[in-house]
Structures are given as structure tokens and as C-alpha cells.
Amino acid sequence: MHSASKHYFFAPRYIYENIKKPTLTGSLAILLSALALQASAETGNEEVYRLGEILVSERYLDPEIGSSYQITRDDFDRTGARSLEEALKEIPSLHVRNGADGTPRIDIRGLRTRQIKLLVNGIPFNSADDGQFDPTLIPTFAIGRIQVQAGASSVLYGDGGLSGVIDLQTRGAFDGFKSGGQAEFGSDHFWQTNAYMGYGDGTNDFFAAVGVRARDAFPMSNDFNSSIPSSRDNYQNDDDRNNSDSRRSNIFTSYSRQLTEKLRVGVFLSHVEGHYGKPPSVLDCWKKDDKGSAACFTNGDEFAAGTSYERVEQQRGTTVQLVTDYDFNTNWHGRLALFSNTLKENTVNYNDNSYATLSGNGAFDENSRMQVSGFHSQLDGVLEPTGTKIGLSLNSRKEAYDVDGYEINSKNEKNPLYVNRDIRVSSYAVELRQPVNQTLELLAGVGYHRLDKDGGSNESEYSGQIGFSQQLTSVTSLYGTLARKAGAPSIRQLYEPKKGSNLNGNPDLKFERADHLEFGLKNQWDRAALDVAIYQSRVHDFIEKQKTNVGNQSVNNDLYVFQGIDVNGVYEATDALTLRGSLGLIRARDESDNAPTERLQYRPTHKINLGAEYRFLGNWLLSGQYQRVAGQAYFNKDDAADYRYLDSFELVSARLRYLLPKQMGTIYLGADNLLDEEYETSYGFPQPGRFVYVGTQLNW
């Protein structure tokens with residue numbers, strides 16, 4: 001993350017398996033990687049796909065009126081990030097959780113993954129099922145730049161993004177022909193290989209990349225000791241994590257062409273295939289009565305989740321975007337993007353750790369298809385007499401969710417699972433930025449959002465934002481923003497199919513609403529930056545499951561409140577040494593009238609990041625990161641007023657790189673969780689122990 005103004009991070013701004021079982025994606029990865037291993041490593045920032053931003057003017061991403069973080073390819077090289085969640089881990093107000101879903105979940109300022117708006121080249125990437133996203137589906141080898149806005153974000157993005165927006169652009173603009181590749185191997189038979197090629201001549205831009213990432217399992221910490229007998233199906237030793245294998249194969253390609261002096265058109269395509277296991281809880285849950293799970297025990301843990309043996313046996317996703325960019329004149333610019341994002345999954349919940357039997361109560365085999373399709377149109381410009389900047393946007397998306405399959409009941413009978421639902425969400429927005437003088441700028445925006453349901457009453461909401469940015473000195477600026485954001489419920493929350501006796505959707509759910517207030521100071525010197533943000537978010541009608549007269553049902557909760565401070569800094573101590581640090585403090589409370597406690601689950605009270613990078617002996621680079629997370633409460637499964645705290649944890653990682661002569665490549669060695677810390681981000685779900693890896697990254 002860079003220390004240059006408006007580009008620094010701390011601103012409140014699988015090979016043997018492919019040979020055995022070749023796939024199209026895997027075979028392409030091996031072929032292109034073999035060609036790329038003749039090349040040299042690229043350094044510095046790389047241009048991104050020209051039509052990949054949903055906001056047509058970077059003025060509307062200006063971080064002077066809010067907390068914003070920019071992450072580039074240089075940062076991926078420094079930290080060794082392989083996929084999206086690893087690339088984001090240094091952001092102070094962002095927390096990565098791993099629990100029963102088997103995929104990382106990303107929270108920003110105490111709000112959940114489904115309340116983040118994720119855009120890949122302007123395409124909504126949130127699932128049409130539950131509104132969340134799987135960050136492991138997005139490898140960093142194809143990413144050119146990531147822009148994260150925490151808290152309030154531009155109304156031009158449309159609905160959603162109550163906690164923030166992650167707006168990433170793939171690689172795609174080159175000067176001439178370039179190609180390259182990477183191969184990496186690590187603990188427990190982890191491996192990844194990828195390759196890319198691209199061409200640009202000012203008129204045409206072409207980019208293609210392919211990669212595979214796989215592991216047999218992730219390693220456990222040697223300090224882990226199971227608290228249950230080895231005879232249990234969910235017994236976990238201190239070797240490899242049960243059911244933690246995974247595989248991802250990705251293809252990306254984009255092409256854009258300047259058809260006329262005013263008109264540019266482009267297409268972006270991506271495809272992903274894979275499968276993964278969901279590691280079960282390592283604890284026995286508590287069976288209070290006859291309605292408890294068969295996997296629970298009368299002497300089990302009251303705080304432990306029920307044990308399940310679940311896998312995503314097949315996963316296939318395809319993304320398509322068509323976009324046109326038109327300059328009407330020197331002051332006015334327009335963009336129209338059409339998109340479709342489809343993900344198909346086969347999820348199976350087995351009876352035991354053989355992952356082969358589907359005959360007992362609660363087992364199921366589910367095939368789902370999730371599709372988000374629609375358009376985003378935008379016009380922005382400048383009124384010359386006053387210097388007023390205007391942005392207008394109209395976007396609409398249809399979310400479709402289809403499920404078929406079956407569930408086994410207590411009589412060992414197959415009950416069909418079936419859902420075929422869709423919703424449509426439309427947004428209209430206008431935003432104005434007005435420079436008052438050379439040091440002060442004001443912002444105002446308003447948006448209207450409409451949710452058309454497939455059953456239940458339709459809903460509408462509005463969003464808005466006002467803010468200012470004041471340059472106090474040549475070094476220091478002050479900003480403030482007051483915003484209201486609105487997010488529509490997901491299809492799963494509205495129409496979740498009934499499983500067992502207590503899971504139902506709720507078609508009468510309303511929009512969630514968040515009121516944000518934030519003030520911040522930014523300081524930028526020649527070799528350092530130090531920024532402070534103070535914020536409060538009051539979230540109304542927060543959707544979570546609660547026990548109702550029909551079971552555990554999604555409901556709108558009255559009021560959740562999040563208050564916090566983010567402190568971020570970077571210091572270039574010498575030409576060879578750069579130091580980084582951040583601190584995120586948060587207080588999260590449930591202020592609903594019927595809340596059993598004001599505590600909220602899995603919201604760390606503080607997070608500390610420290611990092612350093614040192615260049616020595618000419619071509620050697622040593623980097624390291626330290627992270628401490630503490631203060632996460634978790635609840636009794638039957639009594640939310642009863643809670644405990646997870647142990648705090650401290651993680652250390654290190655990475656040594658050697659730059660080959662004449663920029664012919666890099667060879668690297670690294671370790672994550674270097675001290676082999678035993679830790680959890682969700683109760684009963686231990687996280688990886690020490691992971692060691694080695695690799696090379698080359699291009700020409």
C-alpha cells in the first residue's frame with residue numbers, strides 16, 4: 001500500500017493433480033505457466049482495465065470526504081496475498097472471520113459481509129442467495145487495483161453497501177505485449193500456478209489470465225488439543241484440519257477498443273470452477289431436549305454449534321459485462337454497462353465423516369443456481385461557470401435464485417427442496433460536488449431505491465449524503481460526512497426453504513438502513529502519512545435470525561450501534577526501510593428494545609496491524625506483518641444473554657524475496673502464522689497453524 005498522495009494504503013482514504021486429472025482450466029494454466037517461466041518479474045503499479053470502474057469519474061472516488069483504502073499489485077507482492085480476503089487483511093476496520101461456512105467472511109466496522117457491496121469491474125459480485133460473497137473466488141493474479149470505501153460511500157453506487165464498498169478492477173491496460181506467470185508450493189500439498197498475457201496500443205487493450213489454486217488441507221497448530229474423545233466423528237487431531245481441502249480454477253479475459261475519438265467499448269468475461277469442504281466444529285454441541293440435533297450430547301458445550309459434515313461438491317460461475325464509454329464533449333461523459341453474474345453449486349450435507357452417506361435425519365443434497373443481471377448507466381460532468389461537478393446514475397438488477405434437491409427427515413424419507421424466486425432492485429441517484437474556494441469542497445447526494453418482491457409487499461427507501469473537505473494546511477486536511485444508506489434483503493432472507501422444523505424465510509422483511517457520521521484528519525508529509533477517523537453507524541431494521549413462533553426466522557431488529565476510531569500510518573524511515581501501522585477500535589451494541597444483551601457476536605473490540613519492509617544487499621527484500629485481534633464475544637446457543645469471549649490472538653507473517661538480475665524475476669520464501677499460534681475467529685472452528693511456502697513470479 002503506497003505512501004504517495006492519494007495512492008497510499010493507510011489513508012482514511014495444484015500441479016500434480018492436474019497431471020492426474022486434467023481439466024480445461026488446469027491444462028491452460030500449466031501450458032501458460034510453462035511459457036511464462038522464461039520471463040522476468042514485473043515491478044511497480046500496473047494499469048487496470050480501462051472500463052472496470054462503476055463510477056465514470058475518479059472524482060467520485062475522491063477519498064477526501066470519507067475513509068478510503070487503495071491496494072495495488074505492489075501490496076500483493078509485499079504481503080503474498082493470494083485472494084481477496086488476504087489482500088484486505090491490513091485494513092484496520094476490516095475483520096476476516098472463518099466459521100461453519102468454510103469460506104472467509106469479511107466484516108467492515110462491525111457490519112457483515114452481505115452489507116458490503118462488492119464490485120468486480122463494476123459487476124455486483126454479492127450472491128443472489130444470501131447477499132454474501134466468497135472472496136476466495138477472486139485470485140489476486142488477475143486484480144490490478146482494489147479500492148475500499150468504509151462506512152459512507154457515494155450514492156451513485158446504488159443501494160447496499162451499508163458497511164462500505166469494495167470496488168476492484170482487473171488488470172488490462174498495457175504498453176505493448178506482456179506476459180508472465182507464477183508457481184508456488186506450500187505446506188500440506190498446497191500449490192498454485194497462474195499465467196497471463198496482455199497487449200495494448202492505445203486503441204486496443206487485451207488481457208487474459210488463467211490460474212489454479214489447490215490444497216489437500218490446511219495445517220493445524222501443534223498446540224491444538226481436542227477436548228472430545230477420539231471416537232467422535234468430529235474429533236480433530238493436531239495434524240491436518242478435517243474436510244478442509246479446496247480447489248479453485250479461474251479464467252479471466254477482457255478486451256476494449258477505442259472505436260472513435262469519443263467512444264470506447266469493452267467486454268469482460270470470467271469463469272470459475274471448484275469445490276471445497278466445510279470443516280466441522282471440533283466441539284460437541286449440547287442437546288437440551290428431544291428436538292436437539294442427533295450429533296449433540298446432553299453433556300456437550302452450550303456455546304458450540306451443531307456438527308455438520310457438509311461439502312460444496314461442485315461450483316461453477318460465469319461473469320459477463322458489456323460496457324460503452326462516451327465523451328459528449330470536454331465536460332460531459334457517459335457510461336452504460338450491461339452485466340450478468342451466475343453461480344451454480346451442488347452442496348451436500350452428509351451423515352458422518354465418511355462424506356459418503358446420505359440416509360440420516362438432516363442430510364441433504366441441494367443444487368442451487370444464483371444469477372444477478374442488469375445494467376448501470378451514469379452521466380457526469382462539470383458546470384463551467386460555478387465548477388459544480390454533477391453525477392447522475394440509474395441502475396437496475398434482477399436477482400434470481402433456483403434450488404432443487406431433497407432433505408432426509410427423521411423417518412429417513414426424502415423431502416423435496418424447491419425454490420424458484422426472483423426480486424428486482426432499482427436505484428436512481430444524483431450527486432453534486434461544489435468547490436467553495438481553493439481549500440474547501442462540499443458534497444451532497446440523494447438516491448431512491450425500489451425493491452419489487454416475488455411475493456410479499458414491495459418496498460422503497462432513500463439514501464443520502466452530505467459532506468465537506470477542508471484543507472487546513474499544506475500537510476493537514478479535515479473532512480466530515482453524514483450519510484444514510486439503504487440495503488435490500490436477500491432472497492434467502494425472504495424465501496429460505498424450510499429445512500427440518502425451524503428454518504424459514506420472511507417475505508415481509510424491510511430495507512436495512514444505516515445512518516453514518518464520520519470526521520477525519522489526514523496528514524501527508526514527504527515521507528510519511530498519519531490519518532485518524534472517528535465514526536458512528538446506527539443501523540435500523542438490521543436483519544438477523546431470531547426464534548419466532550415458526551422457528552429461527554429472519555427478522556428486522558430495531559437498532560444496532562457501532563462506534564469506533566481508525567488510526568493509520570506509514571513512514572518511509574530510509575530509502576531502504578518502510579514502516580506501517582494501524583489501529584482499529586470499535587464498540588458494538590444491540591440497542592433494540594427486546595435485546596437480551598447489548599453485546600453483539602464476533603465484533604472485535606480492537607485490531608492492531610504493524611508491518612515493515614526492508615531492502616538490503618541490493619536485490620533482497622524482507623517484509624513482515626504483525627496482527628493482534630481481541631474482544632470477540634460469542635453466545636450460548638440457547639440463551640443470547642449468556643456470553644463469553646474468544647481468546648485474543650497474535651499472528652506474525654514474514655516474506656523474503658530476491659529480485660533476479662536485470663529484472664528477470666523474483667524468487668520468494670514465506671511463512672504465515674510463523675509462531676504457530678492456536679486461534680479461532682468463530683468458537684469451535686480452529687484456524688490454520690504455521691504455513692510455509694516457496695515460489696517464483698516471472699514475466700516478460
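The values are calculated or read from the model by the stated rules, or taken from the named source; none is laboratory data. No experiment lies behind these values; they were computed from the predicted model shown. Note that we place each Cβ from the backbone using ideal geometry, even for glycine, and neighbour counts take in every protein chain shown. Heads up: the accessible areas ignore ligands, DNA and RNA and are worked out on the full protein's heavy atoms, side chains in. Shrake-Rupley method; radii C 1.70, N 1.55, O 1.52, S 1.80 Å.
Quick look at the values:
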read-out	value
Unmet requirement for residue 305, which otherwise passes all of (1) under 26 Å from the mean Cα position of the chain (by Cα); (2) farther than 26 Å from residue 410 by Cβ; (3) at pLDDT below 95	(2)
Positions within region 248-262 being touching a helix residue (DSSP H, G or I) at 6+ places or on another chain (Cβ under 8 Å) and open to solvent by less than 30 Å² (accessible area, probe 1.4 Å), in sequence order	248, 249, 250, 252
Odd one out for residue 287, checked against (1) open to solvent by 30 Å² or more (accessible area, probe 1.4 Å); (2) within 32 Å of the chain's Cα centre (by Cα); (3) more than 24 Å from residue 258 (Cβ to Cβ)	(2)
Single condition residue 358 does not satisfy, out of (1) buried (at least 18 other Cβ atoms within 10 Å of the Cβ); (2) under 27 Å from residue 296 (Cβ atoms)	(1)
Subset of region 605-617 [open to solvent by less than 40 Å² (accessible area, probe 1.4 Å) and over 21 Å from the mean Cα position of the chain (by Cα)]	611, 612, 613
Count of residues meeting criterion [hydrophobic (A, V, I, L, M, F, W, C), open to solvent by less than 40 Å² (accessible area, probe 1.4 Å) and farther than 29 Å from residue 304 by Cβ] in region 653-686	3
Restricting region 557-599 to residues that are of a type in the set (Val, Ile, Thr) and over 20 Å from residue 537 (Cα atoms), the residue that is most open to solvent (accessible area, probe 1.4 Å)	574
Among (1) assigned to a loop (DSSP other than H, G, I, E, B); (2) open to solvent by 10 Å² or more (accessible area, probe 1.4 Å); (3) within 30 Å of residue 668 (Cα to Cα), the one test that residue 160 misses	(3)
Qualifying residue in region 221-233 (condition: crowded, with 22+ Cβ neighbours inside 10 Å and either touching a helix residue (DSSP H, G or I) at 6+ places or on another chain (Cβ under 9 Å) or more than 30 Å from residue 450 (Cα to Cα) (or both))	no
Subset of region 578-634 [over 26 Å from residue 568 (Cβ atoms) and aromatic (Phe, Trp, Tyr)]	616, 620, 634
Members of region 378-398 that are surrounded by fewer than 16 Cβ atoms within 10 Å (Cβ to Cβ) and among the polar types (S, T, N, Q)	386, 388
Selection within region 320-351 - closer than 30 Å to residue 406 by Cβ and in contact with a strand residue (DSSP E or B) (Cβ under 6 Å, 6 or more places away or on another chain)	340, 341, 342, 343, 344, 345, 346, 347, 348, 349, 350
Residue in region 425-444 that is surrounded by fewer than 21 Cβ atoms within 10 Å (Cβ to Cβ), within 27 Å of the chain's Cα centre (by Cα), part of a strand (DSSP E or B) and among the acidic types (Asp, Glu) present	no
Qualifying residue in region 628-646 (condition: open to solvent by 40 Å² or more (accessible area, probe 1.4 Å), among the small types (Gly, Ala, Ser) and assigned to a loop (DSSP other than H, G, I, E, B))	no
Pair list, Cβ < 8 Å and 6+ apart or interchain, from region 192-206 residues that are open to solvent by 50 Å² or more (accessible area, probe 1.4 Å) to residues that are at pLDDT below 95 and of a type in the set (Lys, Arg)	197/178; 199/178
Test: residue in region 399-419 that is touching a helix residue (DSSP H, G or I) at 6+ places or on another chain (Cβ under 7 Å), under 22 Å from residue 114 (Cβ atoms), surrounded by fewer than 21 Cβ atoms within 10 Å (Cβ to Cβ) and modelled with pLDDT under 95	yes
Single unsatisfied condition, residue 602 versus (1) of a type outside the set (Asp, Glu); (2) open to solvent by less than 20 Å² (accessible area, probe 1.4 Å); (3) touching a Lys or Arg at 6+ places or on another chain (Cβ under 7 Å); (4) not in a strand (DSSP E or B)	(2)
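Residues are listed down the side, and each one gets a yes or a no for (1) farther than 29 Å from residue 368 by Cβ; (2) open to solvent by 10 Å² or more (accessible area, probe 1.4 Å); (3) touching a helix residue (DSSP H, G or I) at 6+ places or on another chain (Cβ under 6 Å):
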residue: 144; (1), (2), (3): yes, no, no
residue: 149; (1), (2), (3): yes, yes, no
residue: 167; (1), (2), (3): no, no, no
residue: 185; (1), (2), (3): yes, yes, no
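Residues checked against (1) open to solvent by 20 Å² or more (accessible area, probe 1.4 Å); (2) farther than 28 Å from residue 250 by Cα:
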{"residue": "312", "(1), (2)": "no, no"}
{"residue": "315", "(1), (2)": "no, no"}
{"residue": "320", "(1), (2)": "yes, no"}
{"residue": "324", "(1), (2)": "yes, no"}
{"residue": "328", "(1), (2)": "yes, yes"}
{"residue": "332", "(1), (2)": "yes, yes"}
